[in-house]
Amino acid sequence: MIPAAPLPQPLSPSRPRWQQAWREAVRDPRELLAMLGLEALADRVSDQAALQFPLRVPRGFVARMQHGDPRDPLLRQVLPLDDELRAAPGFGLDAVGDSLARTGPGVIQKYRGRALLVATGSCAVNCRYCFRRHFPYAEETAARDGWHEAVELIRADAGIDEVILSGGDPLSLATPKLAELTAALAGIPHIRRLRIHSRLPVVLPERIDDALLGWLSALPWPVAIVVHANHANEFDAHVDAALARLRDAGAALLNQAVLLRGVNDSVDALAALSERGYAAGVLPYYLHQLDRVQGVAHYEVADDEARALHAALAARLSGYLVPKLVREVPGDPGKRPL
Ligand code: SF4
């Protein structure tokens with residue numbers, strides 16, 4: 001590992017520290033490679049891929065990468081490569097049918113009882129395999145009009161009992177903006193649960209600050225936070241502390257991972273991910289088969305291989321450490337087991 005970067009100090013008393021860490025993210029692929037002693041990999045970096053979907057990775061996440069290892073599983077998740085430019089049949093712009101399930105600006109309703117809000121297009125890290133890398137965030141975020149239309153859609157549908165904040169990364173919004181939404185939702189009697197999908201507790205643990213925890217612990221519903229880690233090396237002491245604080249604030253913690261060629265496509269890697277996550281208080285939830293969006297084909301693991309890996313994982317670990325292996329199929333009433 002390269003030496004851990006010191007935690008950044010605040011620019012001013014009024015600006016949360018996490019926003020400073022956010023702004024200091026690495027955005028230049030060649031700077032990232034130089035930090036890791038991997039300048040020789042520069043020939044494989046694609047400026048065109050980076051133009052389409054920029055590199056962005058927090059320095060604390062870079063500190064968890066192995067210096068000098070071109071196959072580092074964290075580096076592979078963020079480095080734009082020529083592979084992304086190769087056309088692959090069956091890989092499109094909207095693999096999961098978001099546009100078909102849209103019921104309002106930034107509101108997606110795929111499954112019974114649940115409404116998903118695309119809260120923002122911002123993420124602390126740009127994951128190259130992202131299923132929403134082509135999502136039209138400029139027109140489609142629920143926060144754009146002060147949450148008004150999204151809240152009214154939910155209020156009008158008494159069948160919705162769970163609201164899911166997704167994105168982008170919903171925790172990239174400032175805490176007062178999140179509080180504005182939940183204050184409006186609190187007046188809707190049929191909401192029973194809040195779920196938050198976020199990669200921030202893992203990639204930018206500074207985000208889990210006192211203001212966020214104060215907001216979280218005052219919410220009137222049980223809260224599940226579904227974090228996103230694909231490899232055991234994504235956890236460190238800062239991440240453990242952030243997750244512990246979220247648990248102390250009353251949130252149930254689950255992890256969803258994506259099965260990715262060259263990142264976690266071995267039984268050892270998947271077992272280590274489940275065990276490391278559990279040690280940090282996170283239960284495995286889903287192992288997603290890759291969503292087939294343009295530019296990600298080089299990450300795909302064939303279905304037969306995915307099933308064999310999952311069976312081997314189930315033979316090795318206690319049942320509660322084995323995530324469900326699923327694929328999202330547009331039009332299905334839930335995630336489809338593989
Ligand atoms: S954090 Fe999630 S939404 Fe953001 S780029 Fe990564 S996978 Fe996509």
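See the values below:
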item: Where a residue in the range 83-100 is on the phi > 0 side of the Ramachandran plot and of a type in the set (Val, Ile, Thr) and its partner, wherever it lies, is loosely packed, with under 15 Cβ neighbours inside 10 Å and not in a loop (DSSP other than H, G, I, E, B), with Cβ under 9 Å and at least six apart; result: none
item: Residue, farthest from the ligand (Cβ to nearest atom), within the range 127-139, restricted to residues that are buried (at least 20 other Cβ atoms within 10 Å of the Cβ) and modelled with pLDDT under 90; result: PHE135
item: Among the candidates ALA115, ALA124, residue that is within 16 Å of the ligand (Cβ to nearest atom), surrounded by 17 or more Cβ atoms within 10 Å (Cβ to Cβ) and either outside the structural domain of ARG23 (by TED's automatic domain parsing) or over 28 Å from ALA143 (Cα atoms) (or both); result: ALA124
item: Odd one out for ASP72, checked against (1) touching a Ser or Thr at 6+ places or on another chain (Cβ under 6 Å); (2) away from the ligand (no atom under 16 Å from the Cβ); (3) not assigned by TED's automatic domain parsing to the domain that holds VAL329; result: (1)
item: Residue in the range 96-109 that is farther than 23 Å from PRO170 by Cβ and of a type in the set (A, V, I, L, M, F, W, C) present; result: no
item: Meets criteria (modelled with pLDDT of 95 or more and in contact with an Asp or Glu (Cβ under 6 Å, 6 or more places away or on another chain)) for ALA34; result: no
item: GLU31 over 19 Å from TYR129 (Cβ atoms), outside any loop (DSSP other than H, G, I, E, B) and either of a type in the set (Asp, Glu) or in the same structural domain as ILE208 (by TED's automatic domain parsing) (or both); result: yes
item: Boolean, VAL62 is touching a residue at least 12 places away in the same chain (Cβ under 8 Å), away from the ligand (no atom under 11 Å from the Cβ), farther than 30 Å from GLY334 by Cβ and not small (Gly, Ala, Ser); result: yes
item: Candidate set: the range 93-104, residues that are more than 29 Å from GLU234 (Cα to Cα) and under 21 Å from the mean Cα position of the chain (by Cα); chosen: the one surrounded by the fewest Cβ atoms within 10 Å (Cβ to Cβ); result: SER99
item: Selected residue (criterion: farthest from the ligand (Cβ to nearest atom)) from residues of the range 173-186 that are in contact with a helix residue (DSSP H, G or I) (Cβ under 8 Å, 6 or more places away or on another chain) and not hydrophobic (A, V, I, L, M, F, W, C); result: THR182
item: Members of the range 141-172 found to be in a loop (DSSP other than H, G, I, E, B) and within 13 Å of the ligand (Cβ to nearest atom), listed by number; result: THR141, GLY167, GLY168, ASP169
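The values are calculated or read from the model by the stated rules, or taken from the named source; none is laboratory data. All of these numbers come straight from a predicted model, not from anything done at the bench. Backbone-built Cβ (ideal geometry, glycine too); neighbour counts: all protein chains shown.
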